[in-house]
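I have placed the structure first, in the form of structure tokens, so that the comments after it can refer back to it.
Please treat every number below as a calculation from the coordinates, not as lab data. Small disclaimer: the values here were computed from a predicted structure and weren't measured. Note: ideal-geometry Cβ built from the backbone for every residue, glycine included; neighbour counts use all protein chains shown.
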Amino acid sequence: PRPIGLWSRVVHSVGNRVPLGPHIVCLLLKDTESGAALLVFERGHLSNISECALIPDKKRLITASWDKTLNAWDLETGKIIWTAAQAGLLTSCSVSEDGKYVVSSSDLENAICLTSADTGERLFHIKDHHKSTITRCRFDPQSQHVASVSEDRTIKLWDLVSTQTTLSINSTHTNVISNCCFTANGRYLCTASWDKTLQLWDVQTGTFRSHGGLTLSKGHDGSVSSCTFSVDGSVLVSGAYDRLTVVLCCCPGSVLVSGAYDRLTVVLCCCPGSVLVSGAYDRLTVVLCCCPGSVLVSGAYDRLTVVLCCCPGSVLVSGAYDRLTVVLCCCPGSVLSSLTTTDRLTVVLCCCPGSVLCL
């Protein structure tokens, strides 16, 4: 059968190849540069494929399906290497970073199952891991923990060494948690929800215990269905049922501010301790970052507000020309002199200490 949709929740790639999965029973491997179809994986499942995950080093593809099976595929031949039967409909799957394990989530008994990536042998089965259907399960980058999120709005971390649940969080999401992802160092976990928000959790230090997770609530108008971090953890990309992809900058301790432009929400990052000021131009909100302790002065030109930053201790002087306000930053201790010309332009000059100013 011909694929009728594209799969977007891919966590790895092999070279320039990416698997794109439909909401039917086959997968399509496409070249990301040319868009050409390289290989079709079909006749392996009898129902919808819920998720796929690559094992790049072993050139294998893992698929989870509503037909209650996990399949391991050879990326070169497109043939099935092994099939592992599970107890219920599989809602998600993830491969450990070292390529040794596959974790899958099942709607029966709200369970997660740990499987050998080499043989398909079941290693652990943890039933009643959540109180409701598990929507996503994810390995951390260190292959030490499995994070899972659920319709019950909770977050759990299961430890591979102790084979115990070591962390359980009752989130402040007001609807189903649909997805989750880790930063590359495993410190932060992001959760996406049908309540149109994302939340960041510091799962290593546990700071959320005192003040909760950081909520990112101004990016989407629809239920958020996917999220993923960049390799360095500074950028978070999310997708929702509002047909909008939002890119967030998430440096630890930063403040997120959003502005609406048409139907696009742009979210910028302001470093800790800095000051945010916005200027309106048509429907665009521009958010600038000003260094801590600096002074902000704005000038209006047409419908654009320009916000500039002046270092602490400096002096600000403006000159008017038509509808433009010019804001200059003068070093502490400098001498300011102005000259008014016949074209109504006020020029403001800065003379550094010890220099001579001639007009």
task = Taking H placed 1.01 Å from N in the peptide plane, check which residues at least 5 places from residue 124 or on another chain put their amide H under 5 Å from its amide H.
result = 114
request  = Using a/c under 1.5 as the rounded threshold, could you call the stretch 80-162 rounded, prolate or oblate? The axes a ≥ b ≥ c are square roots of the C-alpha gyration tensor eigenvalues, and prolate needs a/b larger than b/c, oblate otherwise.
outcome  = oblate
remark   = Note, the stretch 103-108: 3J(HN,Hα) by Karplus (6.51, -1.76, 1.60, θ = phi - 60°), whole Hz, Gly/Pro = x, goes 10, 9, 10, 10, 6, 7
key: Counted charge near residue 79, where neighbours are those whose Cβ lies closer than 15 Å (Asp, Glu -1; Lys, Arg +1)   = +1
message = Using amide H atoms built in the peptide plane, which far-off residues or other-chain residues are under 5 Å from residue 248 H to H?
response = 236, 237, 238
request  = Just the ratio, please: alpha-carbon radius of gyration of the stretch 17-269 over 2.2 N^0.38 Å, N its number of residues.
outcome  = 1.00
note = Which of 100/127; 59/196; 127/196; 127/156; 58/79; 30/196 exceed 25 Å between C-alpha atoms? The answer is 59/196; 127/196; 30/196
inquiry  = Under the rule of at least 5 residues apart or a separate chain, name every residue whose amide H is placed under 5 Å from the amide H of residue 82.
reply    = 72
